[in-house]
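Coordinate-derived values only; no laboratory data. Remember, it's a predicted structure, so these values are computed and weren't measured experimentally. Cβ placement follows ideal geometry from the backbone for every residue including glycine, while neighbour counts extend to all protein chains displayed.
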Amino acid sequence: MYRLYGSPGSASAAPHCVLEEVGAPYEFVAVDISGEARDPEYLKLNPHGRVPTLVVKGRPVFEAAAICAWLADRHPEAGLAPANDADDRGTYLQWMMYLTNTVQERMLQMFYPDRCTSHADEAPHVAEKARERIDEAFGVVEKALKADGPYLLGEKASAADIYLSMLAGWYEDQKKLAQSFPSIDANRKLLAQRPGMARGLAANG
Ligand SMILES: N[C@@H](CCC(=O)N[C@@H](CS)C(=O)NCC(=O)O)C(=O)O
């Protein structure tokens, strides 16, 4: 039995959708991330007090992309990750890493700009720059999907698309997303037709 600690609509959304897709039994534990205070018990699982954390047989794993990739590997029958020796495994890992360490990181800078500067008055500028850099990164994904989509691995949906769907959902101006990044929008709409994704998305609002 998996236990996922998260908050609806946050970075726990992608692991949540992956859990629904693989169909494994799990329990969702809501963590209040609205303020800075955290339950000391939760800090033992996740040292930054962020979400998500997945606990399996008492062992916590944090970082959303690691959780998604691990779950996809543990449930190969769900077909959400190429096998270790498959030719497209490198491309899959490339997108998982790019989405978490470039796209998501820029989005977090936009959501939490005060954490990226020691001068409070600079925070709006940090957020503004982050928006530009988010568009630049989404542009890279858009170009790849347009050339080789509809999924990041061509005809095959993977955990990387689920991750992208979560990040697309965080984009501030959804109308602009559909106009400027139509292949990302189409990718997300295709994925949402899958029953597991639909359940995961519904649970995350
Ligand atoms: N790189 C981390 C980022 C996690 C993260 O920043 N989660 C946000 C929600 S989207 C959070 O917990 N925010 C509360 C906080 O940072 O205080 C991951 O992917 O797990």
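Based on other C-beta atoms within 10 Å, arrange Glu20, Glu155, Glu63, Glu105 from fewest to most. Provide the component values of the computation, followed by the final result.
Numbers: Glu20 21, Glu155 8, Glu63 17, Glu105 14.
Final ranking by Cβ density, sparse to dense: Glu155, Glu105, Glu63, Glu20.
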Legend entry - Residue-span extension gain [Lys57 to Glu36] - 0.36 nm each, minus C-alpha spacing: 4.7 nm
Legend entry - Base-10 log of normalised Debye intensity for the range 2-79 (one unit scatterer per alpha-carbon) at q = 0.20, 0.24 Å⁻¹: -0.80, -1.12
Inset, instruction - Quick one: order Ser7, Ser12 by neighbouring beta-carbon count within 10 Å, fewest to most. - result: Ser7, Ser12
Inset, instruction - Only helical DSSP H runs with n ≥ 4 go in: add -39500 (n - 2.57) per run for the chain, normalise by residue count and round the 222 nm mean residue ellipticity to 500 deg cm²/dmol. - result: -16000 deg cm²/dmol
Inset, instruction - Determine the relative contact order of the chain: mean sequence separation of Cα pairs under 8 Å and six or more apart, normalised by residue count, in whole percent. - result: 23 percent
Legend entry - Viscosity 0.890 mPa s, 25 °C: Kirkwood-radius Stokes-Einstein D of the chain over Cα pairs, µm²/s: 140 µm²/s
Legend entry - Least to most buried among Cys17, Cys116, Cys68 (fewest other Cβ within 10 Å first): Cys116, Cys17, Cys68
Legend entry - Largest-first principal axis extents, alpha carbons of the range 85-126, Å: 49, 12, 10
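Can you check what the net charge comes to around Ala65, using other residues whose Cβ is under 14 Å from the Cβ of Ala65 (Lys, Arg +1; Asp, Glu -1)? Please list the in-between numbers first.
Numbers: positive: Arg50; negative: Glu63, Asp73, Glu105, Asp161.
Once all neighbours under 14 Å are counted, the net charge is -3.
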Legend entry - Normalised contact order of the range 106-150, rounded percent, pairs of Cα under 8 Å and 6 or more residues apart: 35 percent
Inset, instruction - Extending each Cα 7 Å along its Cβ direction at Lys156 and Ala198, get the distance between those two points in nm, one decimal. - result: 2.5 nm
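List the relative contact order of the range 2-79 as a percent without decimals, with contacts defined as Cα pairs under 8 Å and 6+ residues apart.
Reported as a whole number, the value is 37 percent.
Looking at the range 89-194, I'd like the Rg to Rh ratio, where Rg is from alpha-carbon atoms and Rh is Kirkwood's inverse mean 1/r.
1.01
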Inset, instruction - Compute the label zone of Met1 within the range 43-59: residues whose backbone N is under 12 Å from the point 7 Å along Cα-to-Cβ. - result: 57-58
Inset, instruction - Can you tell me how much longer the chain between Asp173 and Asn101 gets when fully stretched, taken as 0.36 nm per residue apart minus their C-alpha distance, in nm with one decimal? - result: 23.8 nm
